[in-house]
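Engineer: Following this message is one structure expressed as structure tokens.
The values are calculated or read from the model by the stated rules, or taken from the named source; none is laboratory data. Computed from a prediction, not measured in an experiment: that's the story for all the values here. Cβ coordinates were reconstructed from backbone atoms using ideal geometry, including for glycine residues, and neighbour counts include every protein chain displayed.
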């Protein structure tokens, strides 16, 4: 199954539902084969409200702790936590880490991991305790100290955060993560507010314009990237804590936003692009979607619906927090909503001919010109 998914020779990628069926067949043969049990859980976590997913993950974790070869356990368990964090299931990673700590209570790494999960879950006191526990075991560990400084930032303990991060830089003066977190600490010390306020901090438009005028494009990209990633993290943390029953949507929403905004960044040639520039996206939305449909052969109506839903979540959240105005967001909803059915119909028409070898390339070009209103002639907006 793994080889087939990495190099699909026939039939394309399996759907989540098909994967679930395959893993269940494997487990009928060998119920204790925990790699399949964990993969089954990961698939179910991405589908609506399948309660057995949590049970699959916990049982798979228990079997891993019982049956894994000791020399491979740390690597396998680390992979489990990484996969859960990619899905933003810090509640399940915390539970898995609790089980691991029962078996290995003297390993500092697990205390650091569980501290991170608890910080994401809003369990700040527990996170600080576990983070401090990791440092007690390994006082000179750069990563543990940097992570504890980050948890203090979330807790609003700016003095303690500064102390931990400065100590981390004493250990490794060039560490980029510690430097970045110390910049956050200094920003909050100057401006007030909390960690979420930092993630939604005002864009430094003057600095961006100056760097663009000087054609310092790498610095422009880095500055824009910082603002863009901060906005996505703020949205993710908000959605994660807002409704525990809908966490299965979070991973796909973030992936869709990254794919869409990444595409816009490539086709926009007007300088720099900030994800929160709702006016730019609204102004060029039809052309962007035309080019998106043309570029990706696997676009279907489901993906179009996901793009709409994810953009409305993102811009609606920014409007609620004051990063952009509510009238701007409402106008975006109306303007883009009015062309949604048109885009779906164009997608259906083009998908009906794009892979049909009976239609000549000349004919396909004429169809593209008609459907996409000439947007396919120009790679940029």
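Engineer: If I ask for residues that are part of a helix (DSSP H, G or I) and under 17 Å from residue 248 (Cβ atoms), which ones from the stretch 58-93 would you list? Can you show your working first?
Structural biologist: So the first thing to find is which residues in the stretch 58-93 are part of a helix (DSSP H, G or I), and the list is 58-67, 70-86, 90-93.
58, 83, 84, 85, 86, 90, 91, 92, 93 - these are the residues of the stretch 58-93 that are part of a helix (DSSP H, G or I) and under 17 Å from residue 248 (Cβ atoms).
Engineer: Looking at the stretch 243-258, can you tell me whether even one residue there is out of contact with any strand residue (DSSP E or B) (no Cβ under 7 Å at 6 or more places or on another chain), assigned to a helix (DSSP H, G or I) and over 25 Å from residue 14 (Cα atoms)? Write out each step before concluding.
Structural biologist: Initially, the stretch 243-258 is screened for residues out of contact with any strand residue (DSSP E or B) (no Cβ under 7 Å at 6 or more places or on another chain), giving 243-258.
Within this subset, residues satisfying the condition of being assigned to a helix (DSSP H, G or I) are 244-258.
So of that shortlist, the ones also over 25 Å from residue 14 (Cα atoms) come out as 244-245.
Within the stretch 243-258, one or more residues are out of contact with any strand residue (DSSP E or B) (no Cβ under 7 Å at 6 or more places or on another chain), assigned to a helix (DSSP H, G or I) and over 25 Å from residue 14 (Cα atoms).
Engineer: Further question on the same structure: Is at least one residue of the stretch 25-37 closer than 25 Å to residue 254 by Cβ, assigned to a helix (DSSP H, G or I) and out of contact with any strand residue (DSSP E or B) (no Cβ under 7 Å at 6 or more places or on another chain)?
Structural biologist: No, that holds for no residue.
Engineer: Go through (1) assigned to a helix (DSSP H, G or I); (2) within 23 Å of residue 117 (Cβ to Cβ) and name the single condition residue 163 misses.
Structural biologist: The failed condition is (2).
Engineer: May I pose another question? Answer yes if at least one residue in the stretch 325-332 is loosely packed, with under 11 Cβ neighbours inside 10 Å and closer than 17 Å to residue 280 by Cβ, and no otherwise. Let's see the steps before the verdict.
Structural biologist: Let us first name the residues in the stretch 325-332 that are loosely packed, with under 11 Cβ neighbours inside 10 Å, namely 327.
Keeping just the survivors that are closer than 17 Å to residue 280 by Cβ gives 327.
Yes - at least one qualifying residue is present in the stretch 325-332.
Conditions tested, residue by residue: (1) at positive phi; (2) outside any helix (DSSP H, G or I); (3) surrounded by fewer than 18 Cβ atoms within 10 Å (Cβ to Cβ).
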position	(1), (2), (3)
269	no, yes, yes
281	no, no, no
289	no, no, no
294	no, no, yes
310	no, no, no
313	no, no, no
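Engineer: Can you tell me how many residues in the stretch 40-76 are more than 22 Å from the chain's Cα centre (by Cα) and surrounded by 12 or more Cβ atoms within 10 Å (Cβ to Cβ)?
Structural biologist: Of the residues in the stretch 40-76, 14 are more than 22 Å from the chain's Cα centre (by Cα) and surrounded by 12 or more Cβ atoms within 10 Å (Cβ to Cβ).
Engineer: Next question. Give the residue, chosen from 178, 155, 234, that is touching a helix residue (DSSP H, G or I) at 6+ places or on another chain (Cβ under 8 Å), within 25 Å of residue 85 (Cα to Cα) and assigned by TED's automatic domain parsing to the domain that holds residue 316.
Structural biologist: Exactly one of 178, 155, 234 is touching a helix residue (DSSP H, G or I) at 6+ places or on another chain (Cβ under 8 Å), within 25 Å of residue 85 (Cα to Cα) and assigned by TED's automatic domain parsing to the domain that holds residue 316, namely 234.
Engineer: Given the conditions (1) without any contact (Cβ under 8 Å) to a residue 40 or more places away in the chain; (2) in a helix (DSSP H, G or I), which single one is not true for residue 173?
Structural biologist: Condition not satisfied by residue 173: (2).
Engineer: Which of the following residues is surrounded by 14 or more Cβ atoms within 10 Å (Cβ to Cβ) and farther than 20 Å from residue 128 by Cβ: 231, 170? Break it down stepwise before answering.
Structural biologist: On the way: 170 fails: surrounded by 14 or more Cβ atoms within 10 Å (Cβ to Cβ).
Among 231, 170, only 231 is surrounded by 14 or more Cβ atoms within 10 Å (Cβ to Cβ) and farther than 20 Å from residue 128 by Cβ.
Engineer: Next up: Only one of 322, 337 is at pLDDT 90 or above and either in a helix (DSSP H, G or I) or farther than 30 Å from residue 246 by Cα (or both). Can you tell me which?
Structural biologist: 337
Engineer: I'd like to check something: does the stretch 312-323 contain any residue that is touching a helix residue (DSSP H, G or I) at 6+ places or on another chain (Cβ under 6 Å) and more than 24 Å from residue 89 (Cβ to Cβ)?
Structural biologist: Yes: one or more hits.
Engineer: OK, next. Could you please let me know if residue 105 is assigned to a loop (DSSP other than H, G, I, E, B), over 23 Å from the mean Cα position of the chain (by Cα) and within 30 Å of residue 135 (Cα to Cα)?
Structural biologist: Yes, satisfied.
Engineer: For residue 37, indicate whether it is more than 19 Å from residue 102 (Cβ to Cβ), in contact with a helix residue (DSSP H, G or I) (Cβ under 9 Å, 6 or more places away or on another chain), in contact (Cβ under 8 Å) with a residue 24 or more places away in the chain and exposed (fewer than 14 other Cβ atoms within 10 Å of the Cβ). Spell out the reasoning first.
Structural biologist: Numbers: more than 19 Å from residue 102 (Cβ to Cβ): yes; in contact with a helix residue (DSSP H, G or I) (Cβ under 9 Å, 6 or more places away or on another chain): yes; in contact (Cβ under 8 Å) with a residue 24 or more places away in the chain: yes; exposed (fewer than 14 other Cβ atoms within 10 Å of the Cβ): no.
Taking the combined requirement at face value, the residue does not satisfy it.
Engineer: For the stretch 346-364, give me the residue count where each residue is within 35 Å of the chain's Cα centre (by Cα) and assigned to a helix (DSSP H, G or I). Before the answer, list the steps.
Structural biologist: Start the filter on the stretch 346-364 by keeping residues that are within 35 Å of the chain's Cα centre (by Cα), which leaves 346-355.
In the following step, the residues that additionally are assigned to a helix (DSSP H, G or I) were identified as 346-354.
Matching residues across the stretch 346-364 total 9.
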